[in-house]
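The structure under discussion appears below in the form of structure tokens.
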Amino acid sequence: MSTDIDQFPEEHDEPTFIALRADDPELARCKERAQRSLKLFLQLYAEYKTNISVYFAFKTPVSDGENTAHLWYSFAGEKDGALLGEHFELPPQLKDKKNVEIQPSALEDWMINDHGVLYGGFSIRYQRSLLPEKQRASFDRYTGVSRYEEIGG
């Protein structure tokens with residue numbers, strides 16, 4: 001009998017968050033890769049946005065004035081050079097941040113999930129790499145990823 005608690009349950013009412021240090025150099029590299037390859041993300045969105053089974057999202061910092069969370073938003077397009085997003089996983093204290101409009105410089109990551117195949121998602125890959133091997137399959141199910149493909153940046 002295992003005493004391990006599955007930190008990535010298949011059914012959940014609240015989002016699961018993994019705390020990482022803001023000054024983590026690997027997170028900085030993830031952001032750099034996302035920034036460098038943003039043009040590719042936007043090109044792929046323009047090409048595939050009508051395919052409702054392909055999911056596009058971006059990650060950005062959001063603050064309630066005291067605390068900052070780094071959240072994923074469904075990508076809803078561009079407006080005057082800004083990225084538009086609708087909430088993906090929103091903690092209760094940030095309910096007023098359901099929709100965001102950010103400048104590309106505030107982008108921390110982007111991802112495309114095409115039927116379980118993840119493109120981009122540099123910080124997701126990093127978070128997964130920090131987990132013990134036995135928790136990775138559960139993490140993959142939780143995030144809806146069955147395969148990680150390299151693209152951009």
Can you find a residue that is modelled with pLDDT under 95, in contact with a Phe, Trp or Tyr (Cβ under 8 Å, 6 or more places away or on another chain) and either part of a helix (DSSP H, G or I) or over 17 Å from ASN113 (Cβ atoms) (or both) anywhere in region 64-73? yes
Of all residues in region 119-153, count the ones that are within 20 Å of ALA28 (Cα to Cα), aliphatic (A, V, I, L, M) and surrounded by 17 or more Cβ atoms within 10 Å (Cβ to Cβ). 1
Just name the residue that is modelled with the lowest pLDDT out of those in region 39-63 that are surrounded by fewer than 19 Cβ atoms within 10 Å (Cβ to Cβ) and of a type in the set (A, V, I, L, M, F, W, C). ILE52
Please indicate, with yes or no, whether at least one residue in region 58-75 is closer than 23 Å to ALA28 by Cβ, of a type in the set (Lys, Arg) and in contact (Cβ under 8 Å) with a residue 24 or more places away in the chain. yes
Matching strands (runs of 3 or more DSSP E) fully within region 77-123 where at least 3 residues are touching a Cys at 6+ places or on another chain (Cβ under 6 Å): none
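The values are calculated or read from the model by the stated rules, or taken from the named source; none is laboratory data. Keep in mind that what you see is a predicted model, and the values were worked out from it rather than measured. All Cβ positions, glycine included, derive from the backbone under ideal geometry; neighbour counts span all protein chains shown.
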